[in-house]
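**Q** Just dropping this structure here.
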Amino acid sequence: MVFSSHIFLFYFLPAVLLIYYLLPRGRNVFLTLVSYVFYGWWQPWFVVLMMFSTGLDYLCGGIISRPGAGSRVRRMALVAAILGDLGLLAFFKYYTFTAENLNRLASLLGGSGHGFLPVFAVALPIGISFYTFESMSYTIDVYRGIVKPARSLSDLSCFISLFPHLVAGPIVRYNIIAEQLEHREHTVEKFTEGVALFILGFAKKILLANPMGSVADAVFNANAPYALDAWVGVIAYAFQIYFDFSAYSDMAIGLARMFGFIIPKNFATPYVSESITEFWRRWHISLSTWLRDYLYIPLGGNQRSPRRTYFNLGLVMLLGGLWHGANWTFLAWGAYHGSLLATERWCGKKSLYSWLPRPGRVAVTFVLVLISWALFRSPDISHALSYLGCMFGWTAASGPAALLSSEIYTPHHLAILAICACLSFWRYEVYDFVIELNWSKALVLAPLFLLAIAAMFTQSFNPFLYFQF
Amino acid sequence: MPLHRLAGFVALCLLLVSCGAPPALDREVTTLGTTEVTARLVEIPGPFPANDLYNYAYVFKYRIVSVHRGQVEGNEIFVAHYNPLKARSKARDEFSGNLGGHLQRFRAGDIHRMALQAPLDQYWMGGVIDKYHTEKGQRYWAVWTNLETK
Amino acid sequence: MPLSYRPWLIGFFLAVIYSLPLSQVAVEASHGEWPQALDVFRQTPTAANLRSFERDTEHASAAVAFVRPWVQSLRFELFRDPGEKTTLGSGGWLFYKPDVQYLVEPCRLDSVPENSPVRAIVRFRDQLASRSIGLLVIPMPAKPSVYPDRLAARSLPGGSLGWTHTQELLELLGRAGVETVDLRDSLVLWRGQSAGYLKRDTHWSAAAARKAAELVAARILASDPGIVGSTEYLTRPVSIDRRGDLVRMLEAPSLERTLPAEPVECDQVYAKRTGELYTDDPHSPVLVLGDSYLRMYQTDEPNAAGFIAHLARELRTSLTSIVNDGGASTLVRRQLARSPDLLAGKRLVIWEFVERDIRFGAEGWQDVPLPAVQASSPASGGKLR
């Protein structure tokens, strides 16, 4: 189910809020059940996978924390949980990609290319990357002794399936939720902040991200666009992915607050970054900190030789790219960011252009990020190279691509593009807006909500971009 | 906590307002067309066409429950419904000719009572999405369609 | 910090999210219907059923139906934004978005062999040839191909879009020995002679349809003069007002009222001997298959003034036609397969389809086997020479 859909906003959410607040007890169980409904709405059997993953991590967490458990048993339980979680992810997300590429390689090496590994279409359960990382972090944290094991399977199920953050994050750690599962306050203040965050996220998605998405789609789908159009297209995509993904996070955080949970923010005005290192401190914070804590630091982080640090950065970003999907474009995107981060590390945690004035540093960082988005958005590597060729004038534009201007440069799109630019380069997040709510802000939120709903009524189905990851 | 009270109030409103009555039968289904059947919709064989520029008719397969008027060969028939994305009462337009009924939406397994015309090409000259085009059999044009309570 | 705005904001939010489903249930109850929302409990929760329920819920929403036209009007008035299905060109010209998409986006003509237009057309040509019937294919240029300057912000070399997927298809068909007519350059030329397309409709003017018919007839007669008949037709001018189909796609009735219908000058075709308007003849030696371009002015208002009537006038023989709106890629051949008797006595089939159908044709480009002809044997027809 999509937050910005008719069915969620006018049926699921009202019904869940109503029953939740009518229930005197058993609210966590109720939230777990409705979260399964929320998740199963996409494809009911996906719920079974999530239950399996939850059950496995609960079991392994229990074994790890059992009094008197030997280190070998604990380690085996940890490995079993990680293999189980990653096995699910590997099969559902990466099997087809791996099989196709191995078959291609076998063909290049002289084999027939057929039958080395059977290729079949595997349905990708939405949000599997998110909940797999969450459940893995639980078992690892239990093993590390950072958190106590879950009181019950119901608690762990509630943590993993909690519908606000289930499908597209933020990637929440168990230690953040554990206490709240046991005791959390439901206050008018918290509910109001939740409503405000939800409205702001909803408006960002409907009024900003979706129109930018139609510009980006038009340009990226075009055959050899003009250079200017290609740049506008990738800028539109940069705004789309930011306002789409951050909108989901805002709505998730807002919804969680309506049910009494506090979960951390996921974005901090990433496009004002003055370097790629800073960008990754501001973009998808829950993923970058997850990768730092569960991959980069265990690999040795920056505590070994400089070469090892560069290698670690590269590897972490490569896997971070792969986390987004089974496609060479994501690997290229990860490798590109990894090499930029390694370069900045080599320069002493500074960018190569640190001598520029601040607006220049922000602009160059933004351009570097745009290049990465061209890789990220393209359906395959050849399209990505062709698109980059169009951006830099290496590829000649096709004649019919001239018609794109009618789709891109409409007054509506230009106005939204300008608003997105202003909001992206302003160091002010929705969290800042919500911290000090008052009457005037409430009076802004009300018409904004109505406007976004009215706009939603005219838009076709537009799921969040990060659903596919 | 005022949120509790509000929740109770909304629940009461929902209960009160949900007390509708099932639709009554109409006469058209027994008088229009040349054939009248009650039949179960076997399946929905694919997505309905988007009616952007043109409206299409979409062929469904039905299993006959009973024949009220006219003659039907076999126990399965193919029926073309105009613009199946719309409720039957809202599907009629300048191109469709007279059609209607109480049916709100098409769901596999539902039983419909229908007034039909045949052959299809004499009543509808526009686009026909027929996923069963390799299967032989008369194509009917649905004039009136009501949902039958099972 | 005063506390009072908080309950107000919560109350407002809850009022909005509860009022819509409650009002919907009330509307449905007033029509004597069960709440549609309860349908979710009446069906097996499969992914397909849930998608269908979700779509039905949105389609059935009285609030959506009420609000959408107002928002569309507002978007158009404020931003000149014509919605998701249409594109606004210069001078208030409206275009159908898939027509633009077809030209701008890549289109691999043979990427899926079982859905390849080249394969389907060649197969159809061969099926007809086995019955000694010729085939003439006319991919109809859509409006953006003829009026690219009204969409493009930058100047086009030679005022043309250059090489498009349609040109590629024509080349591939030419290589396969399929007879074709490319109308694009002629239509670009005719638009300067008041014989172009309508401003707020996807289709051409009656004058363009007439000129196209004359051009196609000249081509047929040059190849097969024996096809000409003996019926003499005359024309008489008729004026109609046409409200464009693209205006309807704005989905804003208030806008529709402000955008006036376009006057269209037509030439109605009638038989000199009887004075009756042109009508089709199922026994004609020529069968025309096509889409709404052929329906325009022919079975639509004013009748007998479209491409088919003017082609018949030029060929001096009435024609057989199957016109299938938006379905000229596959559906029209299926319709022919349901009435194979129509092929009896034919010597030429003319197959028109709008160029966007090369990529977006309803049901793609499927192979449609033609059943054996049951009626009398074909006339002394043959391949278009």
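Any read-out appearing in this document is the output of simple, stated calculations on the displayed coordinates, not a laboratory observation. Bear in mind the structure is a predicted one, so any value in this text is a computation, not a measurement. All Cβ positions, even for glycine, are placed from backbone atoms using ideal geometry, and neighbour counts span all protein chains on display.
**Q** Estimate the FRET efficiency between A:H186 and A:V29 by the formula 1/(1 + (r/R0)^6), using the beta-carbon distance for r and 22 Å for R0, to the nearest 0.05.
**A** Efficiency for this residue pair is about 0.85.
**Q** What are the residues whose amide H is under 5 Å from the amide H of B:H68, where those residues sit 5 or more places off or on another chain and H is modelled from the backbone?
**A** B:E36, B:V37, B:T38
**Q** Run the numbers on chain A and let me know its relative contact order in percent, using alpha-carbon pairs under 8 Å that are six or more apart.
**A** 18 percent
**Q** What list do you get for A:S137, A:S460, B:S89, A:S386 if you sort them by fewest beta carbons within 10 Å?
**A** A:S460, B:S89, A:S386, A:S137
**Q** Sequence-distant or interchain residues sharing an amide H contact under 5 Å with C:L289, placed H: which?
**A** C:I322, C:I350, C:W351, C:E352
**Q** Residue by residue through the range C:139-148, what is 3J(HN,Hα) from phi via Karplus (6.51 cos²θ - 1.76 cosθ + 1.60, θ = phi - 60°)? Round to whole Hz and write x for glycine and proline.
**A** Each residue of the range C:139-148 in turn: x, 7, x, 7, 3, x, 6, 8, 10, x Hz.
**Q** Turning to a different aspect of this structure: Would you compute, from DSSP H runs of 4+ residues alone, the mean residue ellipticity of chain C at 222 nm, taking -39500 (n - 2.57) per run and dividing by the full residue count, rounded to the nearest 500?
**A** -12000 deg cm²/dmol
**Q** For B:K136, give me every one of the aspartates and glutamates with a C-alpha distance below 14 angstrom, ignoring sequence neighbours fewer than eight places off in its own chain.
**A** Qualifying aspartates and glutamates at Cα under 14 Å: B:E73, B:E76.
**Q** Which pairs break 25 Å Cα to Cα here: C:K85/C:K143; B:K90/C:K199; C:K211/C:K272; A:K204/A:K349; B:K86/B:K131?
**A** Correct reply: B:K90/C:K199; A:K204/A:K349.
**Q** Same structure again: With 10 angstrom as the radius, rank C:W163, C:W34 by how many other C-beta atoms surround their C-beta, starting from the fewest.
**A** C:W163, C:W34
**Q** Sticking with this structure for a sec: List, in order, the whole-Hz ³J(HN,Hα) value for each residue of the range A:156-161 obtained from phi through the Karplus relation with A = 6.51, B = -1.76, C = 1.60 and θ = phi - 60°; use x for Gly and Pro.
**A** Values per residue, Gly and Pro as x: 5, 4, 5, 4, 6, 8 Hz.
**Q** At a Förster radius of 41 Å, what calculated FRET efficiency corresponds to the Cβ-Cβ distance of A:R308 and B:S89, to the nearest 0.05?
**A** With a Förster radius of 41 Å, E is 0.05.
**Q** Indicate the gyration tensor shape class of the range B:24-148 (rounded, prolate or oblate), computed on the Cα atoms with a ≥ b ≥ c the square roots of the eigenvalues: a/c under 1.5 is rounded; otherwise a/b larger than b/c is prolate and the rest oblate.
**A** Rounded is the answer for the range B:24-148, as its axis ratio a/c remains below 1.5.
**Q** Now for a different question. Need one word for the range C:159-281: rounded, prolate or oblate. Basis is the Cα gyration tensor (sqrt eigenvalues a ≥ b ≥ c); a/c below 1.5 gives rounded, then a/b vs b/c decides.
**A** oblate
**Q** Can I ask one more? Can you tell me which of C:R243, C:R175, C:R219 moves the most in a GNM of chain C? Springs connect C-alpha atoms under 10 Å apart.
**A** Among C:R243, C:R175, C:R219, the largest GNM mean-square fluctuation belongs to C:R175.
**Q** How high is the FRET efficiency between A:L299 and A:I381 when r is their beta carbon distance and R₀ equals 25 Å, given to the nearest 0.05?
**A** Calculated value: 0.40.
**Q** Here is a follow-up. Quick query: amide H of C:Y197 versus all other amide H atoms, modeled in the peptide plane; which residues come in under 5 Å with a sequence gap of 5 or more or a different chain?
**A** C:S205
**Q** Please arrange A:L437, C:L294, C:L151 by counting, for each residue, the other beta carbons lying within 10 Å of its beta carbon, fewest first.
**A** Least to most surrounded, the residues fall as A:L437, C:L151, C:L294.
**Q** Let me ask something else about it. Within the range A:252-266, whose backbone N sits under 15 Å from a point 7 Å along Cα→Cβ of A:E179?
**A** Under cut-off, by backbone N: A:261-264.
**Q** Quick check: Cα centre of the range B:76-150 to Cα centre of the range A:419-469, how many Å?
**A** 43 Å
**Q** Separate question: Could you tell me the distance between the Cα centroids of the range A:258-294 and the range C:157-219, to the nearest Å?
**A** Comparing the Cα centres of the range A:258-294 and the range C:157-219, I get a distance of 55 Å.
**Q** Can you tell me the orientation of helix C:206-223 relative to chain C, as the angle in degrees between its alpha-carbon axis and the longest Cα principal axis, to the nearest 10?
**A** Approximately 30 degrees, to the nearest 10.
**Q** To continue, here is another question. Decide, for the range A:6-183, between rounded, prolate and oblate: order the square roots of the alpha carbon gyration tensor eigenvalues as a ≥ b ≥ c, take rounded if a/c falls under 1.5, and otherwise choose prolate if a/b is larger than b/c, else oblate.
**A** Here the range A:6-183 falls in the oblate category.
**Q** Also, quick follow-up: Would you calculate, for chain A, the mean residue ellipticity at 222 nm contributed by helices, counting each DSSP H stretch of 4 or more residues as -39,500 (n - 2.57) and dividing by all residues, to the nearest 500?
**A** Taken over chain A, the calculation gives -21000 deg cm²/dmol.
**Q** Same structure, new question: Using a Gaussian network model of chain C with C-alpha springs under 10 Å, which one of C:S160, C:S52, C:S284 is most mobile by mean-square fluctuation?
**A** Evaluated over chain C, the most mobile residue of the options is C:S52.
**Q** How charged is the neighbourhood of C:R359? Take every other residue with its Cβ under 12 Å from the Cβ of C:R359, and add Lys/Arg as +1 and Asp/Glu as -1.
**A** Net of charged neighbours comes to -3.
**Q** What list of ³J(HN,Hα) couplings, whole Hz, do you get for the range C:94-101 from phi and the Karplus terms 6.51, -1.76, 1.60, once you set θ to phi - 60° and write x for glycine and proline?
**A** Calculated HN-Hα couplings, in order: 9, 10, 7, 4, x, 5, 6, 4 Hz.
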